[in-house]
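Data block below; observations after.
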Amino acid sequence: MELNGNIRKMETRGLSAESAEKPGFFDRFFGGDRVLWVIIAILSVASLLVIFSSTASMAYRKAGGDTSHYFFAQLKFIVLGFAAMIAVHRLNYQRYARPRLLALVFVAALLFMLLTFFIGVNLNSASRWIRIPVIGVTFQPSDFLRIALIAILAQQLAKRQRFIHRIPLLPALTVRGWRKNPRKNLDILTQTTLPVLGPIAIACGAIFMSNFSTAAITFCTCCIMLYMGRVRVRELWRLVALVVVAMVLAVSFMYVFDIGRSHTWVNRLGIGSLIGETEQVAEQSDDDNLQQEQARIAIASGGLLGKGPGNSTQRSNLPHSYSDFAYAFIVEEYGFVGAMGILFLYLCIFFRGIVTFRRCGTAFPSLLVLGLCLMITFQAICNMLVSVCIFPVTGQTLPLVSLGGSSIVFTCVALGLILGISRQVKEQSLDRPRGETMLD
């Protein structure tokens with residue numbers, strides 16, 4: 001009788017423990033880093049406020065007087081993005097960490113990117129979008145390709161954690177060096193250079209043809225991932241030097257044969273006047289100066305607290321106030337306080353990503369989280385620096401805030417991957433205990 005009573009007590013305790021371990025409603029649908037969920041929600045609300053105010057006059061002209069046209073379009077993509085984020089964050093990272101699956105996703109993203117050169121929608125001498133038939137929505141494959149690249153790079157670095165800090169990343173770059181030890185150089189090329197650097201070169205090269213700034217941001221993100229993935233600093237400097245030389249040669253070739261937006265890049269970098277392109281330099285400079293001048297007016301008129309939501313006077317004068325210069329528009333309506341608040345939220349995304357990075361037990365999820373939060377933060381900072389006239393005009397949008405379709409969805413997918421890994425860290429379902437890091 002006493003034994004049966006003890007068994008019943010143990011069963012009761014087990015049932016209560018099991019019921020206590022069952023996740024609640026919030027954890028079931030919004031698991032992971034709760035602070036990050038709140039940040040995403042705040043940025044989404046800010047996006048709707050900015051889009052409704054900045055596109056009202058444009059919508060009145062282009063949408064038959066419907067001033068809320070772009071507001072509801074943005075709302076639709078935010079809802080779609082949240083649905084994708086909720087679905088992705090429920091995935092176990094081991095499911096998409098398989099080399100064959102990642103390679104297949106990377107190839108698919110690359111094929112979509114290459115299609116833009118043949119059937120892409122051309123805007124400002126750049127083919128960056130593919131129009132999806134029937135529904136008529138445009139899709140920017142570079143957003144998909146960047147996520148695929150970060151995932152496959154994280155997987156390749158994770159495979160080589162035990163020895164990558166002891167071997168060269170690149171083979172010898174001279175004939176003499178190859179002749180000295182051809183077998184060693186061939187092994188480095190086939191076992192390290194091509195698997196690790198090959199995807200970076202292919203993806204950044206494909207993006208570079210139509211979007212210089214996105215390719216630069218992607219390459220910088222990959223460099224930091226390589227550094228945190230234990231690649232030697234000397235090897236990174238060799239890689240950067242090689243890329244700079246290749247970039248100069250590529251831009252020169254494209255400039256001579258008038259390929260892509262090479263003339264725009266040269267003029268924005270201030271090189272056009274040095275090589276005698278006075279007419280194109282003047283035209284490009286006038287356009288860029290107009291945008292930056294209107295951005296300065298919007299920022300100067302914002303003051304400390306701004307003019308208030310919907311009270312912008314620059315919305316009709318500031319080009320792309322809903323995308324490229326969204327931050328300048330935010331400064332005008334919400335002032336210095338609102339601008340600092342938005343900057344703080346993006347820095348918080350980076351900080352929460354680093355918190356998850358440090359808690360991960362293995363290399364792949366750590367590097368994946370690092371790469372994705374760097375990609376989002378770099379893009380946001382680039383948009384802000386352009387809006388305050390520190391950087392030349394790049395065309396980078398403000399993640400989750402600027403008007404967009406596929407950019408919002410894929411940003412939400414990236415955040416969903418981060419949230420999914422943070423959820424697994426919370427549940428202690430990674431390969432090592434929570435206190436360990438990938439470098440232990």
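For segment 40-86, a residue qualifies if it is assigned to a helix (DSSP H, G or I) and of a type in the set (S, T, N, Q), and the qualifying residues are Ser44, Ser47, Ser53, Ser54, Ser57, Gln74. Taking the criterion of being modelled with pLDDT of 90 or more and either among the acidic types (Asp, Glu) or assigned to a helix (DSSP H, G or I) (or both), the only residue of segment 167-183 that qualifies is Arg183.
Is there any pair linking a residue in segment 304-333 that is basic (Lys, Arg) to one that is crowded, with 21+ Cβ neighbours inside 10 Å, with Cβ under 6 Å and at least six apart or on different chains, and which? Final answer for the pair search is Lys307/Glu333; Arg315/Ser54; Arg315/Ser321.
Scanning segment 189-209 for residues that are within 22 Å of the chain's Cα centre (by Cα), outside any helix (DSSP H, G or I) and modelled with pLDDT under 90 turns up at least one hit. Kindly indicate whether any position in segment 280-303 is open to solvent by 30 Å² or more (accessible area, probe 1.4 Å), under 21 Å from Gly404 (Cα atoms), at pLDDT 80 or above and not in a helix (DSSP H, G or I). No - not one qualifying residue is present in segment 280-303. When Ser312 is tested against (1) under 30 Å from Ile51 (Cα atoms); (2) assigned to a helix (DSSP H, G or I); (3) modelled with pLDDT of 70 or more, only condition (2) is not met.
Could you run through segment 315-337 and say how many residues are hydrophobic (A, V, I, L, M, F, W, C) and either outside any helix (DSSP H, G or I) or open to solvent by 10 Å² or more (accessible area, probe 1.4 Å) (or both)?
From segment 315-337, those hydrophobic (A, V, I, L, M, F, W, C) are 318, 325-326, 328-331, 336-337; that's our starting set.
Subsequent filtering for residues that are either outside any helix (DSSP H, G or I) or open to solvent by 10 Å² or more (accessible area, probe 1.4 Å) (or both) retains 318, 325, 331, 336-337.
Final tally of qualifying residues: 5.
Determine, yes or no, whether Thr214 is of a type outside the set (D, E, K, R) and crowded, with 16+ Cβ neighbours inside 10 Å.
On the way: of a type outside the set (D, E, K, R): yes; crowded, with 16+ Cβ neighbours inside 10 Å: yes.
Yes, satisfied.
Looking at segment 384-401, is at least one residue crowded, with 24+ Cβ neighbours inside 10 Å, in a helix (DSSP H, G or I), without any contact (Cβ under 8 Å) to a residue 60 or more places away in the chain and not small (Gly, Ala, Ser)? The answer is no, given that none of the residues of segment 384-401 is crowded, with 24+ Cβ neighbours inside 10 Å, in a helix (DSSP H, G or I), without any contact (Cβ under 8 Å) to a residue 60 or more places away in the chain and not small (Gly, Ala, Ser).
The values are calculated or read from the model by the stated rules, or taken from the named source; none is laboratory data. This is a predicted model, so every value here is computed, not measured. Every residue, glycine among them, receives a Cβ derived from its backbone with ideal geometry; neighbour counts consider all protein chains shown. Quick note on the areas: whole protein, heavy atoms, side chains included, nothing else; ligands and nucleic acids left out. Shrake-Rupley method; radii C 1.70, N 1.55, O 1.52, S 1.80 Å.
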